[in-house]
1. Can you give me the distance in nm between label points at Asn154 and Asp191, each placed 7 Å from the Cα along the Cα-to-Cβ direction?
2. List, in order, the whole-Hz ³J(HN,Hα) value for each residue of region 172-186 obtained from phi through the Karplus relation with A = 6.51, B = -1.76, C = 1.60 and θ = phi - 60°; use x for Gly and Pro.
3. By how many nm would the segment from Ser207 to Ile47 grow when fully extended, if each residue of separation counts as 0.36 nm and the alpha-carbon distance is taken off?
4. Each residue of region 96-109 in turn: what ³J(HN,Hα) in whole Hz from Karplus with 6.51, -1.76, 1.60 and θ = phi - 60°, glycine and Pro shown as x?
5. Determine, for each peptide in 49-61, 204-216, 88-100, 186-198, the mean count of other beta carbons within 10 angstrom over its residues, then list the peptides with the highest first.
6. If the chain between Asn162 and Asn121 were fully stretched, how many nm would it gain, using 0.36 nm times the residue separation less the Cα-Cα distance?
Amino acid sequence: MENASKALIIAASVLIAIVIISAFILMMSNLTSYQESSYQSNLSAQIAEFNNQYTTYDRSDIRGSDMISLMNKVSDYNTRYTGEEGFTKMQITIKMNGYNDDLSFDYTNRIITESQYTQDNIYLIVGQPTLKTVNGSNAVTSEVTSGPIRAIENKYQQKYCNQLSSEISNIQSIMESDIYRTTSEKNQAFDDEKILPNPASNYGGISVIYEDALKYYEYIQFKRAYFDCVGEPEYDNNTGRILKMEFECTGIGV
């Protein structure tokens, strides 16, 4: 009888142990599933947040100023993460569709010279972000320090660049005038217009100023142009992130 009682106790103990172990395994399985579900949820949220930065450009009648913002964003992204495992560069194509000449004041392009821009040559318009290495990894500052437009803005200040662009017809008239025959006379006539805070000679003379104004005028016209996002954005099969977008110029705005 005593042996039977001991056997029952042992059996009950074993059963209880099995129940506890089973409950523990079930709990761990549920915890793992929850963690995996939470991870996937967070990952999906991160992908959606990333893609939302670019899907906002998936529309018609986008201004060139938006294209510049997009190009800066893509340039920064591609530069920042180059070399990381699993990283794929984003590919953006912007087709000018023959509108280049319409952007320039004298039908001679100085800034928008290509028929198509991609992530590999957009720096010709927007410049390049400053790259530095931190602990062996690429890091990008928010400041774009190179490129013809940034050089002009640094030289004159942006508010005066806008003024040069708006006064370009006036500057051309001085440049082509028969009244002002010498460079000195042309510089003085320009100074009399009070377009810039300093004398023309401080900036290299009116001919240099006129060339810079032509470049900046073209840049302003590009910002006013209209673009359409054509086709559907392409997504990376592995990460789910937007990989490719294509745009076409549809006209010059006002």
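A short reminder: the numbers here are calculations on the coordinates, not readings from a lab. Every value quoted in this text rests on a predicted model; they were computed, and no experiment measured them. Because the Cβ atoms are built from the backbone with ideal geometry, glycine has one as well, and the counts that use them run over all protein chains shown.
1. 2.7
2. Going residue by residue, I get 4, 4, 5, 4, 9, 5, 7, 6, 9, 8, 9, 4, 4, 5, 5 Hz, with x marking Gly and Pro.
3. 52.6 nm
4. Working through the residues one at a time gives 7, 6, x, 8, 3, 4, 5, 7, 8, 6, 10, 6, 10, 6 Hz.
5. Put in order of decreasing packing, that is 204-216, 88-100, 186-198, 49-61.
6. The Asn162-Asn121 span can extend by a further 12.3 nm.
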